[in-house]
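Visitor: One structure is given below, represented as structure tokens, and several questions about it will come after.
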Amino acid sequence: MMTNKKIYVFTSVTCSPCRTLKPLITDYANLNDVPLTIFDMDANREEFLAHNVRGVPTILVMENDKEVDRVIGHQTYSSIDQLFKKWNLVNEL
């Protein structure tokens, strides 16, 4: 899928919902050929500040390097699916 959209995920190693989210969103992004970058709070503090992220997990949908959507907190496979569909990030069969 060629897109100018990408997903940023902000996490922390001490965050239980983050540990659940990372494999789900990674698999879903790979399945749909969506660029995904995961930022850890300790290793990427400047990214947290640059994007005004104050809680984890936080998912940003970026289009043309601008934030177009933000989802904060625990996510399920269903909520990730809805987010990807909302932004037309799902490969058609």
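The values are calculated or read from the model by the stated rules, or taken from the named source; none is laboratory data. These numbers were taken from a predicted model, which means no experiment stands behind them. We place every Cβ from the backbone using ideal geometry, glycine too, and count neighbours over all the protein chains shown. Please note that ligands, DNA and RNA were not included when accessible areas were found on the heavy atoms of the full protein model with its side chains. Shrake-Rupley method; radii C 1.70, N 1.55, O 1.52, S 1.80 Å.
Visitor: Out of ASN32, ALA50, GLN75, whose Cα points farthest toward the positive end of the dipole of the chain (charges: +1 Lys, Arg; -1 Asp, Glu; placed on Cβ)?
Guide: Sorting the options by dipole projection puts first GLN75.
Visitor: Among DSSP beta bridges lying fully in the chain, give the percent that are antiparallel, nearest 5. Spell out each step's value before the answer.
Guide: Details: 12 of 17 bridges.
Antiparallel: roughly 70 percent of the beta bridges in the chain.
Visitor: Expressed as a whole percentage, what fraction of the accessible surface of the chain belongs to carbon and sulfur atoms when a 1.4 Å probe is rolled over the protein heavy atoms? Could you put the intermediate results ahead of the total?
Guide: Numbers: 2850 of 5480 Å².
Answer for the chain is 52 percent, counting heavy atoms of protein chains only.
Visitor: While we're on this one: Can you give the angle from 0 to 90° between the axis of helix 16-31 and the longest principal axis of the chain, with both taken from C-alpha atoms, to the nearest 10?
Guide: Value to nearest ten degrees: 30.
Visitor: Next up: Suppose every K and R has +1 on its Cβ and every D and E has -1 on its Cβ; what is the size of the dipole of the chain about the Cα centre, in Debye to the nearest 20?
Guide: On the way: 10 positive and 12 negative charges, 44 e Å.
That gives the chain a dipole magnitude of about 220 debye.
Visitor: Using only the Cα atoms of the chain, what do you get for the radius of gyration and for Dmax, in Å?
Guide: So, for the chain, Rg and Dmax equal 12.4, 39 Å respectively.
Visitor: Ordered by packing density, taken as the mean number of other Cβ atoms within 10 Å over each peptide's residues, highest first, how do 5-17, 34-46 rank?
Guide: Values: 5-17: 17.3, 34-46: 14.8.
Sorting 5-17, 34-46 by mean packing, highest first, produces 5-17, 34-46.
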